[in-house]
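The values are calculated or read from the model by the stated rules, or taken from the named source; none is laboratory data. Bear in mind that the values here come from a model prediction, so they are computed numbers and not experimental data. When we count neighbours, we look across all protein chains shown, and the Cβ atoms used for this are built from the backbone with ideal geometry, even at glycine. Accessible surface is based on the protein model in full, side chains and every heavy atom, while ligands, DNA and RNA are left aside. Shrake-Rupley method; radii C 1.70, N 1.55, O 1.52, S 1.80 Å.
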Amino acid sequence: MKIVADLHIHTVASGHAYSTILENVTAAAEKGLEMIAITDHGPDMPGGPHAYHFGNLKAVPAELFGVRILKGVEANVIDHEGNLDLAEDRLASLDIVLAGLHTVCSPNGSVAKNTQMMVNAMKNPWVDAIVHPGNPEYLVDAETIVKAAVEYDVALEINNSSLKVSRVGSRPYCENIAALAKQYGAKIILGTDSHFALAIGDFSKAIEILDKYKISPDLVINTSIENVLRHLNRRSNRKSSVN
Ligand SMILES: [Zn+2]
Ligand SMILES: [Zn+2]
């Protein structure tokens, strides 16, 4: 499976990541990627950027060294209603919105509560993908999550970092989500969740899971620029259907 886009990348702006946008784009070009998404943590992450950071991403070119650059966020889900830590006008100005549960920002509760929180975040019309849904720190009902992802047309991430250095114990949960995504036809998004430029473009662990469950490249949005843009462009339809 050829992956052309790394859609989950952090920069120094996240407060606990160690490369600049320029270093990240350079690394992506060297890896032969066609597109990256800069997705720093939302403002509620300790050490994370102020909301203004997301309002000025227009200062960053849309393409450098042959690599298209999507301006985005990895927003924090901050309550059981699924609210995010970035206002709607900011979300609307971004190319891509990832949303995820993080221990310092998101309440943790029963499987039912966590599942409802994640489903509620998917109902936000600006949310394009839920990141690391297989995080064992936030147990969810995977079948409910996958069915909701289909209903709201939100992609579910197989996070390469979860299978290497972060969120220890994620693999069986990620495998379950992958199997269910295949069964129900939910879209999958791959991200390295790079916090240092050299991690960019390494999807090796995530692809092991895609291969194991014989996931069709059609379900994976990172397989072509067209697939990525088609997924992101559906947000205008979602927005109008919500209003
Ligand atoms: Zn981080
Ligand atoms: Zn995250």
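Ignoring ligands, DNA and RNA, what accessible area per residue does the chain give at 1.4 Å, in Å²? The partial results should precede the final answer.
Working: 10000 Å² over 243 residues.
So the chain comes to 41 Å² accessible per residue, rounded to a whole number.
Near Ile225, within a Cβ-to-Cβ distance under 9 Å, what is the net charge of the other residues, with Lys and Arg +1 and Asp and Glu -1?
Working: positive: Arg68; negative: Glu34, Glu226.
Charge balance in the 9 Å sphere: -1.
What is the local net charge at Met118, summed over the other residues whose Cβ is closer than 14 Å to its Cβ (Lys, Arg +1; Asp, Glu -1)? List each step's numbers first, then the result.
On the way: positive: Lys113, Lys123, Lys147; negative: Asp79, Glu81, Glu137, Asp141, Glu143, Glu151, Glu157.
So the environment of Met118 carries a net charge of -4.
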Requested in this report: Could you please state, rounded to a whole Å, how far the C-alpha centre of the stretch 133-159 is from the C-alpha centre of the stretch 76-128?
Outcome: 12 Å
Report task. Please identify, among Val119, Val146, Val104, the residue showing maximal mean-square fluctuation in a Gaussian network model of the chain using a 10 angstrom Cα cutoff. Result -> Val104
Requested in this report: Specify which residue in the list Thr223, His102, Gly15 is farthest towards the positive end of the charge dipole of the chain, using unit charges on the beta carbon of Lys, Arg (+1) and Asp, Glu (-1), about the Cα centre.
Outcome: Thr223
Requested in this report: Give, as a single signed number, the net charge of other residues whose beta carbon lies under 14 Å from the beta carbon of Leu22, with Lys and Arg counted +1 and Asp and Glu -1.
Outcome: -3
**Report entry** ³J(HN,Hα) computed for each position of the stretch 10-24 - Karplus, 6.51 cos²θ - 1.76 cosθ + 1.60, integer Hz, glycine/proline x
**Finding:** 9, 10, 4, 5, 6, x, 10, 10, 10, 10, 8, 4, 4, 5, 5
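If a/c stays under 1.5 just call it rounded; otherwise compare a/b with b/c (prolate if a/b is bigger, oblate if not). Do that for the chain, with a ≥ b ≥ c from the square roots of the Cα gyration tensor eigenvalues.
It is rounded, given that a/c, with a ≥ b ≥ c, falls under 1.5.
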Query raised in the report: Within the set Lys58/Lys205; Lys113/Lys182; Lys2/Lys71; Lys58/Lys214; Lys123/Lys205; Lys71/Lys113, which residue pairs have Cα atoms separated by over 27 Å?
Result: Lys58/Lys205; Lys58/Lys214; Lys123/Lys205; Lys71/Lys113
Requested in this report: Could you work out how far the C-alpha centroid of the stretch 188-232 sits from that of the stretch 34-65, in angstrom?
Outcome: 20 Å
**Report entry** Simple Cβ-charge dipole of the chain, Lys/Arg +1 and Asp/Glu -1, about Cα centre, in debye nearest 20
**Finding:** 400 debye
Query - Carbon plus sulfur fraction of accessible area for the chain, probe 1.4 Å, in percent - result: 54 percent
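With each run of n ≥ 4 DSSP H residues scored as -39500 (n - 2.57), what mean residue ellipticity at 222 nm is computed for the chain after dividing by its residue count and rounding to the nearest 500 deg cm²/dmol? Spell out each step's value before the answer.
Working: 8 runs with 86 residues, N = 243.
The helix-only estimate for the chain comes to -10500 deg cm²/dmol at 222 nm.
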Query - Extension reserve of the Tyr152-Glu226 stretch, reckoned as 0.36 nm per residue once the Cα distance is removed - result: 24.6 nm
Query - Phi to ³J(HN,Hα) by Karplus 6.51 cos²θ - 1.76 cosθ + 1.60 over the stretch 58-68, Hz, x for Gly, Pro - result: 4, 5, 8, x, 7, 8, 9, 6, x, 10, 6
Report summary line: Under the Karplus relation with 6.51, -1.76 and 1.60 and θ = phi - 60°, whole-Hz ³J(HN,Hα) for the stretch 216-231, x at Gly and Pro, equal 6, x, 4, 7, 9, 6, 6, 7, 7, 4, 4, 4, 4, 5, 4, 5
Report summary line: When the charge dipole of the chain is computed with +1 on Lys and Arg Cβ and -1 on Asp and Glu Cβ about the Cα centre, the Cα farthest towards its positive end, among Asn233, His80, Asn120, belongs to Asn233
Query raised in the report: From the square roots a ≥ b ≥ c of the eigenvalues of the alpha-carbon gyration tensor of the stretch 64-149, which class results: rounded (a/c under 1.5), prolate (a/b over b/c), or oblate?
Result: prolate
